[in-house]
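As structure tokens, the structure follows; a few thoughts come after it.
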Amino acid sequence: MYGGPAYWSAPPPPATQLLPADGIESEETRWYGWQTLIADGASFAVVAATAYNEDAYLAEVGVVGYVVAAPIVHAAHGRPLTGLASAGLRIGLPVAGALAGLAVADCSAEAHFCGLGEALAGLVAGIAGAIAIDAAVLAREPAPRERPPNRFALTPTLELSSRRQVLGVQGTF
């Protein structure tokens, strides 16, 4: 052979690989709450559109969107039970807020619609709380972990030159 020595060795195996996300418990989480917040924003935009369009159908679509859109986002992330918890939170917390508003209303004077303002305030607080809890707490999924580097690897090598030919194995431990 003419020229300098020729060397060949196979590339080492990858040092890190991602573990599959299914069934892996990880301390690190990935937040996808921005997706639930976008869904809620779209639902409230549909409800707000009824202020200019007196069609009650749009308001119903927006309310249904509030209840089901974020749970669908959770299900799309492979977390259907979290989606059910989200739907329960989105129904239960506003109802509990409205009932709490009625409970604190001062209805000593006989007035029509007594406690309606307090119930509406509790309802709105419950909706806001459900959205916040859903986005901040429920909208987290386990982040994939990296595997530790391989501790043992063998790599074949080949050296060809005019003076010697070497076939060997390199290893890391």
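Which residues, counting only those in segment 7-39, are in a strand (DSSP E or B) and either at pLDDT 80 or above or surrounded by fewer than 12 Cβ atoms within 10 Å (Cβ to Cβ) (or both)? Step through it out loud before you land on a result.
We begin by selecting, within segment 7-39, every residue in a strand (DSSP E or B); these are 7-9, 18, 29-31.
Matches in segment 7-39: TYR7, TRP8, LEU18, THR29, ARG30, TRP31.
What about ALA42, is it of a type outside the set (Asp, Glu), modelled with pLDDT under 90 and surrounded by 13 or more Cβ atoms within 10 Å (Cβ to Cβ)?
On the way: of a type outside the set (Asp, Glu): yes; modelled with pLDDT under 90: no; surrounded by 13 or more Cβ atoms within 10 Å (Cβ to Cβ): yes.
Criteria not met by ALA42.
Could you count how many residues in segment 45-69 are closer than 27 Å to ARG140 by Cβ and exposed (fewer than 14 other Cβ atoms within 10 Å of the Cβ)?
2
Return a yes/no flag: does segment 135-142 have any residue that is in a helix (DSSP H, G or I), surrounded by 15 or more Cβ atoms within 10 Å (Cβ to Cβ) and at pLDDT 80 or above.
Of the residues in segment 135-142, the ones in a helix (DSSP H, G or I) are 135-138.
Add one more test, that the residue is surrounded by 15 or more Cβ atoms within 10 Å (Cβ to Cβ), and what stays is 135, 138.
Remaining after also requiring at pLDDT 80 or above: 135, 138.
Checked against the condition, which is being in a helix (DSSP H, G or I), surrounded by 15 or more Cβ atoms within 10 Å (Cβ to Cβ) and at pLDDT 80 or above, segment 135-142 yields at least one hit.
Name, by its number, the condition in (1) farther than 18 Å from ASP40 by Cα; (2) surrounded by 14 or more Cβ atoms within 10 Å (Cβ to Cβ); (3) among the hydrophobic types (A, V, I, L, M, F, W, C) that does not hold for VAL104.
(2)
Could you please give the count of residues in segment 49-63 that are over 16 Å from ALA128 (Cα atoms) and either hydroxyl-bearing (Ser, Thr, Tyr) or assigned to a helix (DSSP H, G or I) (or both)?
Of segment 49-63, the ones over 16 Å from ALA128 (Cα atoms) are 49-61.
Narrowing the set further to residues that are either hydroxyl-bearing (Ser, Thr, Tyr) or assigned to a helix (DSSP H, G or I) (or both) leaves 49-50, 52, 56-61.
Looking only at that region, the number is 9.
Among the candidates ALA136, ALA100, single out the residue that is small (Gly, Ala, Ser) and touching a residue at least 60 places away in the same chain (Cβ under 8 Å).
Working: ALA100 fails: touching a residue at least 60 places away in the same chain (Cβ under 8 Å).
Only one candidate qualifies: ALA136.
Is it the case that ALA105 is out of contact with any Cys (no Cβ under 8 Å at 6 or more places or on another chain) and modelled with pLDDT under 95?
Values: out of contact with any Cys (no Cβ under 8 Å at 6 or more places or on another chain): no; modelled with pLDDT under 95: yes.
No, not satisfied.
The values are calculated or read from the model by the stated rules, or taken from the named source; none is laboratory data. This is a predicted model, so every value here is computed, not measured. No Cβ is skipped: glycine too gets one built from the backbone with ideal geometry, and neighbour counts run over all protein chains shown.
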